[in-house]
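Asks: Mind having a look at this structure? Questions to follow.
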Amino acid sequence: MTNVIGKPLPRIDGRAKVTGGARYAADFNQKGQAYAVIVSATAGLGRITEIGADAVSAMPGVIAVISHLNAPRLVYGEHKGSIDPAIGERLHVLQDDQVRFWGQPVAIVVADTLDHAERAAAALRVAYAAERPVVDPTGLLASAVVPEATRRGGRAHADAERGDADAALASAAVKVDESYDIARENHNPMEPHATIAAWDGDRLTLWSKSQYVVNEQAEIAAIFGLPVENVQVICPFVGGAFGTSLRTWSHVTLAAIAAREVGRPVKLVLTRKQMFFTTGHRPRTLQRVALGAARDGKLTSLIHEGVGETSRYEEFIEALTSVSGFLYSCPNVRTRYRILPLDTGTPTYMRGPGEASGVFALECAVDELSYKLGIDPIELRRLNEPEIDEAADKPFSSRSLIKCYDAGAERFGWSKRDPKPRSMRDGRLLIGMGVASASYPAFHAPSSALARLLPDGTAEIEVAASDMGPGTYTSMTQVAAETLGLPIENVHFSLGRSDFPPAPSHGGSWTMASVGSAIRAACNAVQEEAARRAVADQRSPVFGASVDGVMWEEGRLRRRGDTAAGQAYGDIAASAGGPIEANASASRDPDIADRYSMHAFGAVFAEIAVDPDVGTIRVRRALGIYGAGRIVNPRLAASQCTGGMVGGIGMALMERTVLDQRDGRPVNAHMADYLVPVNLDIADIEAHFVDEVDPHVNALGVKGLGEIALVGMAPAIANAVFHATGKRVRTLPIRIEDMLA
Ligand code: MOS
């Protein structure tokens with residue numbers, strides 16, 4: 001019953017998910033609810049000149065047609081959650097006649113049934129004075145700017161330089177200097193964004209898909225000018241999100257507007273198409289990486305310059321170049337990050353945000369360098385393994401990159417690789433093997449949690465966290481069960497309500513560290529509270545002992561050094577006349593962050609086959625080996641990582657949102673033409689973990705896994721494609737036409 005942490009338990013919510021018992025946002029149908037459908041702008045920039053509301057208001061079932069002409073003026077009070085851009089102002093939906101990007105909501109139609117709402121929305125005529133938007137960054141690099149957030153003193157994305165990288169590059173014996181272009185991508189979780197809004201006077205309940213329910217609560221309260229406690233957000237299950245449900249997008253506001261205007265609950269579900277332009281995307285990035293090395297393979301210069309797109313009204317920034325500062329030892333390093341505002345909706349975090357794109361460029365360049373040097377790519381990384389984080393000038397709290405390469409090379413059979421490009425074949429097929437490093441910061445955000453001991457001997461844990469799929473329900477139950485010394489089935493963990501103790505966003509790979517630490521603190525606090533009650537209770541076997549003189553063992557409270565049975569939680573709670581509760585918070589010790597550089601690392605291997613006649617690329621094997629601290633549940637952790645690797649395969653070979661240059665319209669905003677990997681695209685894929693004990697990172701010793709799993713996959717595949725074919729492709733996704741060129 002103890003040592004539950006580290007056990008490969010199956011998902012405790014698995015049965016609910018496969019039997020339909022798990023309720024997602026759109027499942028919370030309310031009595032008397034109406035249906036709202038968004039009308040999306042069919043201009044990419046300009047002004048709305050006319051809304052033909054009268055013609056559709058008379059259509060069957062239509063209750064309301066709401067546009068900027070009749071929508072309530074909302075407060076849009078100041079609120080910046082940790083996931084909202086620090087600079088700029090969110091879209092004020094239906095507040096004016098301006099069109100800022102293609103697909104921006106310009107009206108909502110509310111009807112008695114979804115069918116009626118869809119018919120009326122399709123019939124609504126909207127006229128525009130349209131202008132041509134600028135949506136393609138190609139050729140605009142000169143207009144890229146330093147982020148305003150950086151100008152105002154933000155350090156995270158600031159230019160960094162040590163030594164003289166340009167001079168060192170000029171005099172390097174061997175060099176690589178190349179450019180990389182990664183397509184805009186859209187998150188495509190199975191569950192679409194959905195909100196059901198219901199007002200009761202000036203109180204609003206939202207059943208809404210969210211990775212961050214307390215932020216959604218605060219955001220909607222600010223937009224409507226309500227006290228925060230008047231808004232309740234409920235979201236027990238999230239059907240995948242990958243970052244698209246971190247922010248609260250305009251459809252949540254629209255659902256709340258509609259429900260208030262028609263005086264009944266309203267359900268609003270985005271179409272798959274609408275998820276391509278109103279709920280964020282991975283920004284297109286353009287990068288340059290230049291490497292200089294001595295003949296022996298030692299890096300002498302590393303330059304990484306990157307530009308990411310953002311919207312005109314908000315400044316989205318991400319850590320595009322930061323890994324280049326510390327992944328390798330190098331005396332001369334220069335990194336530079338710029339943004340380019342375009343006529344688009346604001347991008348957002350998408351799994352491995354920043355790092356996935358930046359590491360692609362760096363790791364492809366390192367691979368190119370290995371061929372120029374004639375040094376094995378793993379050996380080249382070993383040669384340049386740093387002792388410390390040379391960018392931060394701090395030791396790593398732990399770093400297992402080389403251990404990951406060693407374990408991976410062995411398991412993958414790297415020694416069987418003939419280093420010569422285009423030298424390995426399987427019949428007609430060209431075979432390639434590639435590797436790349438992965439890295440993502442081990443973040444930790446403040447969180448709180450509530451622990452409650454019940455007279456029946458069970459415990460309840462409540463946190464306003466989310467579980468978008470990685471297994472948070474299970475892993476958090478494990479942390480609580482182990483801390484309390486209870487069997488896992490006696491612990492009931494609940495999340496996804498904004499009236500639970502606040503948690504940070506379910507993102508940035510920090511949930512295990514942050515929420516896990518808070519749960520551990522709450523469990524310890526409730527044990528203390530129970531002990532205080534017991535030692536003061538004449539009926540307790542520990543009556544009269546001091547709180548320090550008792551201890552918990554396997555869910556029972558005993559006097560220290562006494563082998564008597566002691567008293568179980570349930571009996572203490574029963575004696576107390578009801579549940580015993582404690583609320584606790586946890587955050588990172590600021591000294592630790594000052595002293596150590598904390599990141600997870602990994603080595604990713606790919607074997608691909610290219611058909612030289614038709615140009616198809618198949619991933620035959622993929623292996624990720626990660627050093628991510630303590631693994632709370634190896635089964636779910638491996639599942640989490642293989643899922644991220646699948647995302648990396650999509651990034652490498654399939655995913656690309658294509659915009660029509662004339663109006664900014666995504667031309668492939670549907671699952672037939674926006675390609676994502678399906679089962680047939682995924683062959684032999686495995687994730688494993690090296691033993692890594694990190695005594696510094698946090699009390700649980702966990703680093704987080706969600707993002708790093710996507711980070712190294714795309715460069716490993718691009719490097720394998722080069723090995724197979726001798727063709728170096730620096731544009732993602734790599735396409736059939738690249739193989740035939
Ligand atoms: Mo993840 S991009 O932080 O949901």
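The values are calculated or read from the model by the stated rules, or taken from the named source; none is laboratory data. The structure presented is a predicted model; accordingly, all values stated were derived computationally and were not measured. For neighbour counting, all protein chains shown are included, and Cβ atoms are generated from backbone atoms with ideal geometry for every residue, glycine included. What goes into the accessible areas is simple: the full protein's heavy atoms, side chains included, and nothing from ligands, DNA or RNA. Shrake-Rupley method; radii C 1.70, N 1.55, O 1.52, S 1.80 Å.
Asks: State log₁₀ I(q)/I(0) for segment 445-587 at q = 0.13 Å⁻¹ as given by the Debye formula over alpha-carbon point scatterers of equal weight, solvent excluded.
Replies: -0.53
Asks: Continuing with the same structure: Treat each spin label as a single point 7 Å out from the Cα along the C-beta direction, and report the Lys403 to Arg23 distance in nm.
Replies: 4.5
Asks: Which listed residue (Ser587, Trp510, Thr472) has the Cα farthest towards the positive end of the charge dipole for segment 445-587, taking +1 on Lys and Arg C-beta and -1 on Asp and Glu C-beta about the Cα centre?
Replies: About the Cα centre, the residue reaching furthest to the positive side is Ser587.
Asks: Now, a different point. Suppose each label sits 7 Å from its Cα in the direction of the beta carbon; what would the Ser546-Leu69 distance come out to in nanometres?
Replies: Modelled inter-label distance: 7.8 nm.
Asks: For the charge dipole of segment 1-100, defined by +1 on Lys and Arg C-beta atoms and -1 on Asp and Glu C-beta atoms about the Cα centroid, which residue among Pro8, His68, Ala43 has the Cα displaced farthest towards the positive pole?
Replies: After comparing all options, I get Pro8.
Asks: Heavy atoms only, 1.4 Å probe, whole protein assembly: order Asp54, Asp611, Asp376 by accessible area, highest first. Walk me through the intermediate numbers first.
Replies: Numbers: Asp54 135, Asp611 20, Asp376 55 Å².
Descending accessible area places them as Asp54, Asp376, Asp611.
Asks: While we're here: Please give the peptides 670-678, 315-323, 32-40 ranked by average Cβ packing (other Cβ atoms within 10 Å per residue), highest first, as a rough proxy for protection.
Replies: Final packing ranking: 315-323, 32-40, 670-678.
Asks: For segment 71-194, what is the relative contact order in percent, using Cα pairs closer than 8 Å and at least 6 residues apart in sequence?
Replies: Computed over segment 71-194, the figure is 15 percent.
Asks: So if I place +1 on the C-beta of Lys and Arg and -1 on the C-beta of Asp and Glu, and nothing else carries charge, what would the dipole magnitude of the chain be about its Cα centre? I want it in debye, nearest 20.
Replies: So the magnitude is around 800 debye.
Asks: Let me ask something else about it. With a 1.4 Å probe and all protein chains in place, put Arg73, Arg15, Arg260, Arg90 in order of accessible area, largest first.
Replies: From most accessible down to least: Arg15, Arg73, Arg260, Arg90.
Asks: Whenever you get a sec, compute what percent of the accessible area on the chain sits on carbon and sulfur atoms (1.4 Å probe).
Replies: Of the solvent-accessible surface of the chain, carbon and sulfur hold 51 percent.
Asks: I'd like the FRET efficiency for Thr113 and Asp691, computed as 1/(1 + (r/R0)^6) with the beta carbon distance as r and R0 of 56 Å, rounded to 0.05.
Replies: The formula returns an efficiency of 0.45 here.
Asks: Give me the number: length gained by fully extending Arg155 to Ser143, i.e. 0.36 nm times residue separation minus the C-alpha to C-alpha distance, one decimal in nm.
Replies: 2.1 nm
Asks: Expressed in nm to one decimal, what extension gain is obtained for the pair Met671 and Thr42 from 0.36 nm per residue of sequence separation less their Cα-Cα distance?
Replies: 224.4 nm
Asks: Quick one: order Phe28, Phe689 from most to least accessible surface, probe 1.4 Å.
Replies: Phe689, Phe28
Asks: For the chain, what does the helix formula give at 222 nm: sum of -39500 (n - 2.57) over DSSP H segments with n ≥ 4, over the residue count, nearest 500 deg cm²/dmol?
Replies: Result for the chain: -7500 deg cm²/dmol, rounded to the nearest 500.
Asks: Dipole of segment 133-292 (Lys/Arg Cβ +1, Asp/Glu Cβ -1, origin at the Cα centre): which of Ile223, Gly201, Pro133 lies farthest to the positive side?
Replies: Gly201
Asks: Also, I was wondering about something else. By Kyte-Doolittle mean hydropathy of at least -1.0 and Cα axial length of at least 15 Å, which whole DSSP H helices of the chain are selected?
Replies: The qualifying helices are 213-224, 250-262, 355-373, 401-412, 472-484, 511-535, 634-653, 713-725.
Asks: Around His599, under 12 Å between beta carbons, what's the net of Lys plus Arg minus Asp minus Glu among the other residues?
Replies: With Lys, Arg at +1 and Asp, Glu at -1, the neighbours total -2.
Asks: Given a Förster distance of 51 angstrom, what is the FRET efficiency for Asp393 paired with Ser494, based on the Cβ-Cβ distance and rounded to 0.05? Please report the intermediate quantities before stating the final value.
Replies: Details: r = 43 Å, r/R0 = 0.85.
The calculated FRET efficiency here is 0.75.
Asks: Could you grab the relative contact order for the chain? Cα pairs under 8 Å, six or more apart, rounded to a whole percent.
Replies: RCO, the chain: 17 percent.
Asks: Among rounded, prolate and oblate, which fits the chain when a ≥ b ≥ c are the square roots of the eigenvalues of its C-alpha gyration tensor, a/c under 1.5 means rounded, and a/b larger than b/c means prolate?
Replies: oblate
Asks: Tell me whether segment 331-456 comes out rounded, prolate or oblate; compute the Cα gyration tensor, take square roots of the eigenvalues as a ≥ b ≥ c, and use a/c under 1.5 as the rounded threshold.
Replies: Cα axes put segment 331-456 in the prolate bin.
Asks: Here's another thing I want to ask about it. What number comes out for accessible area per residue over the chain if the probe is 1.4 Å? Units Å², please.
Replies: Accessible surface, normalised per residue, equals 37 Å².
Asks: Just the number, please: percent antiparallel of the DSSP beta bridges in the chain, rounded to the nearest 5.
Replies: 75
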